[in-house]
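Asker: Sharing a structure here in structure tokens format.
Rule-based calculations on the coordinates, nothing more; no lab input. Note that the structure is predicted; figures quoted are calculated from it, not measured. In this analysis, Cβ positions are derived from the backbone assuming ideal geometry, glycine residues included, and neighbour counts consider all displayed protein chains.
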Number of protein chains: 2
Amino acid sequence: MIDESLLKKYHASLLKVKKGEMLFEEGETATNFYLVKSGRIKMVNVSSEGREFVQGYFGAGQSFGEPPFFARVAYPASAYATEASAIWKIGYDQFVLLLRNNFEIHLHLLKVLSDRLIYKSTMLSEIAIEEAEHRLSTLIEYLTGQSASNPDAPATLSFTRQQLADMTGLRVETVIRSIKSMEQRRLLELTPDGKIILKRKPK
Amino acid sequence: MIDESLLKKYHASLLKVKKGEMLFEEGETATNFYLVKSGRIKMVNVSSEGREFVQGYFGAGQSFGEPPFFARVAYPASAYATEASAIWKIGYDQFVLLLRNNFEIHLHLLKVLSDRLIYKSTMLSEIAIEEAEHRLSTLIEYLTGQSASNPDAPATLSFTRQQLADMTGLRVETVIRSIKSMEQRRLLELTPDGKIILKRKPK
DNA sequence: TCTTCCTTATGATGTACATCATAAACTCGC
DNA sequence: GCGAGTTTATGATGTACATCATAAGGAAGA
């Protein structure tokens with residue numbers, strides 16, 4: 001969303017990371033604005049008992065880790081590459097300067113954070129007060145909406161049941177059973193190979 | 001955080017609401033930027049089975065409902081006054097104009113949204129993967145940090161156990177039992193009248 | 001001051017989901 | 001092209017928290 005020439009103008013540097021490589025860890029202080037040029041980044045929390053919660057996945061064109069960057073506090077989660085990636089990074093003063101000179105980007109960033117806040121608020125209330133199937137259908141609806149270039153096309157989801165579990169605070173077995181049950185009750189559809197989730201007709 | 005004369009300059013209007021009055025409801029489209037002048041606003045989601053989840057409380061000087069306003073989508077939660085309140089409201093075009101002419105406020109807003117995003121992310125992972133007592137101590141730590149003017153002073157929390165329950169997705173009885181248990185194990189302290197929670201010594 | 005509603009409290013019981021176990025299909029790097 | 005590690009799958013069992021019930025102490029308002 002931010003032009004590369006603009007990033008270069010404000011002294012952004014390009015960081016190459018291998019699959020599995022860590023970008024930052026929970027607790028570190030945020031000093032850079034990150035933007036994915038290519039690849040895929042995963043943000044996770046790990047509980048005291050070793051359970052994982054995925055805050056989000058970020059692909060080409062998306063920035064991540066902005067909240068602690070702007071709030072100037074420690075990262076509330078860790079980030080690492082799930083595949084070889086190239087990441088733009090830019091320091092605080094330079095980025096603020098960029099914002100000062102580019103109102104539209106500044107405003108767009110407000111929208112990006114707002115979108116994310118809506119997602120978090122939605123999932124927060126889902127996980128807090130709704131049960132497994134409800135949580136899953138809300139997440140699935142959101143994810144299909146995200147990935148669909150054409151909102152009318154029956155988009156297939158490329159997330160595994162394990163990934164859905166990690167984003168909903170459920171366990172794989174529960175996700176597997178819930179999806180199976182929802183499929184039997186025609187609340188969602190599966191592709192012939194049984195692997196990919198299809199969104200049900202939009203209401 | 002935004003000067004009143006500035007709000008007036010951009011044609012903000014002052015809205016007076018009585019205790020219990022609704023400001024907007026989940027599903028409505030967001031058309032105004034809201035800022036509390038005085039009083040207290042509560043944002044909540046209600047589940048299909050009638051369970052409540054509180055997204056947040058907002059007092060004097062705080063804005064609320066910005067995410068759907070900037071993202072130009074429907075509210076993900078409802079807001080109402082828990083006491084008689086006065087609220088500044090301002091339309092989209094006017095507010096964008098205000099931002100365009102006031103870089104510091106624009107940047108500050110980025111920080112406000114960032115702070116909120118960090119809170120949501122933190123609670124999301126807590127509720128998803130940690131158990132009751134852990135969730136509660138994280139929330140209590142956050143809330144005491146929020147309200148403490150002096151971070152060293154042993155701040156007392158003025159939230160009821162019901163309110164803590166509504167913010168953690170737990171039920172009152174569980175909060176009561178957890179707090180009692182934590183108090184007995186000296187993980188937190190209670191005031192003599194047993195009603196208010198004291199934060200433990202900062203580590 | 002009396003009534004009503006909220007808050008804290010505690011015990012008994014229920015349940016959605018986690019956990020543990022086991023396995024077949026599949027995909028991926030070497 | 002073959003072990004190693006995912007992914008989907010299903011059954012048996014465990015448990016943290018919810019739910020239900022009941023009650024005493026306070027605050028609020030009429």
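Asker: Once the label point is placed 7 Å from Cα along Cβ, list for A:VAL46 the distances to the corresponding points in the other copies, in nm, shortest first.
Answerer: Nearest to farthest, the other copies are at 4.2 nm.
Asker: Along the Cα-to-C-beta direction of B:SER47, a point sits 7 Å from the Cα; which residues of the stretch A:109-126 have their amide N less than 20 Å from that point?
Answerer: Within reach of a label on B:SER47: A:119-126.
Asker: Other chains' Cβ within 10 Å of B:124-137 residues: what's the mean?
Answerer: What the average comes to for B:124-137 is 6.
Asker: Angle between the Cα long axis of helix B:103-129 and the longest principal axis of chain B, 0 to 90 degrees, nearest 10?
Answerer: Long axis of B:103-129 versus the principal axis of chain B: about 30 degrees.
Asker: Hey, what number do you get for the protein assembly as shown at 222 nm if only DSSP H runs of n ≥ 4 count, each worth -39500 (n - 2.57), divided across all residues, to the nearest 500? Don't jump to the answer; show the numbers that get you there.
Answerer: Numbers: 14 runs with 172 residues, N = 406.
For the protein assembly as shown, the value works out to -13000 deg cm²/dmol.
Asker: Could you state the angle between the C-alpha long axis of helix A:132-147 and the longest principal axis of the C-alpha atoms of chain A, as a value from 0 to 90 degrees rounded to the nearest 10?
Answerer: Computed tilt is about 50 degrees.
Asker: With Cβ to Cβ distances under 12 Å as the rule, what net charge do the other residues near A:HIS134 carry (K, R +1; D, E -1)?
Answerer: Working: positive: A:ARG135, B:ARG51; negative: A:GLU126, A:GLU130, A:GLU131, A:GLU133, A:GLU141, B:GLU49.
Counting the neighbours of A:HIS134, the net charge comes to -4.
Asker: Right, next: Would you mind getting me the FRET efficiency between A:HIS11 and A:THR160? Use the beta-carbon distance for r and R0 = 30 Å, nearest 0.05.
Answerer: On the way: r = 39 Å, r/R0 = 1.30.
It comes to 0.15.
Asker: How far is it, in nm, from the label point at A:GLU83 to the one at A:ASP193 when both lie 7 Å from their Cα along the line to the Cβ?
Answerer: 1.5
Asker: Another question, then. In whole percent, what relative contact order does chain A give with Cα contacts below 8 Å and a gap of six or more residues? Don't skip to the end; give the middle numbers.
Answerer: Values: 312 pairs, mean separation 41.3, N = 203.
Answer for chain A is 20 percent.
Asker: May I ask for the angle, rounded to the nearest 10°, between helix B:92-101 and the longest principal axis of chain B, with both axes built from Cα atoms and the value confined to 0 to 90°?
Answerer: Roughly 90 degrees between the two axes.
Asker: Run through the other copies and list how far each one's label point is from that of B:ASP3, in nm with one decimal, shortest first; the point sits 7 Å from Cα along Cα-Cβ.
Answerer: Inter-copy label distances (nm, one decimal, shortest first): 3.4.
Asker: Let me ask something additional. With 10 angstrom as the radius, rank A:SER47, B:SER13 by how many other C-beta atoms surround their C-beta, starting from the fewest.
Answerer: Numbers: A:SER47 15, B:SER13 12.
Ordered by Cβ neighbours within 10 Å, fewest first: B:SER13, A:SER47.
Asker: Return the whole-Å distance between the Cα centroid of the stretch B:102-143 and the Cα centroid of the stretch A:11-37.
Answerer: 22
Asker: Once you put a point 7 Å from the Cα of B:THR29 and another 7 Å from the Cα of A:ALA60, both along the Cβ direction, what distance in nm separates them?
Answerer: 3.3
Asker: Between B:GLU183 and B:GLU21, with labels modelled 7 Å along Cα→Cβ, what's the label distance in nm to one decimal, could you check?
Answerer: If labels sit at B:GLU183 and B:GLU21, their model points lie 3.8 nm apart.
Asker: If you don't mind, another one. Shortest first, in nm, what separates the label point of B:HIS108 from those of the same position in the other copies (7 Å along Cα→Cβ)?
Answerer: 2.6
Asker: Which aspartates and glutamates, if any, have their Cα less than 13 Å from the Cα of A:LYS37, not counting same-chain residues under 8 positions apart?
Answerer: A:ASP3, A:GLU4, A:GLU83
Asker: Quick one: B:PHE58, B:PHE103, fewest Cβ neighbours within 10 Å first, how do they rank? Intermediate values should be presented prior to the final figure.
Answerer: Details: B:PHE58 22, B:PHE103 15.
Ordered from fewest to most neighbouring Cβ atoms within 10 Å, B:PHE58, B:PHE103 come out as B:PHE103, B:PHE58.
Asker: Still on this model: Name the residue from A:THR174, A:ALA132, A:THR31 whose Cα lies farthest towards the positive end of the charge dipole of the protein assembly as shown, charges +1 on Cβ of Lys and Arg and -1 on Cβ of Asp and Glu.
Answerer: A:THR31
Asker: Of all the stretches in chain B, which is the longest one without any exposed loop site, taking GluC sites (Glu not before Pro) in a DSSP loop (any state but H, G, I, E, B) with at most 16 other Cβ atoms within 10 Å?
Answerer: Values: sites that count: B:GLU21, B:GLU25, B:GLU26, B:GLU28, B:GLU49, B:GLU131.
The longest uninterrupted stretch comes out as B:50-130.
Asker: Please arrange B:ILE176, B:ILE2 by how many other C-beta atoms lie within 10 Å of their C-beta, fewest to most. Walk me through the numbers before you get to the answer.
Answerer: Numbers: B:ILE176 15, B:ILE2 20.
Lowest to highest Cβ neighbour count: B:ILE176, B:ILE2.
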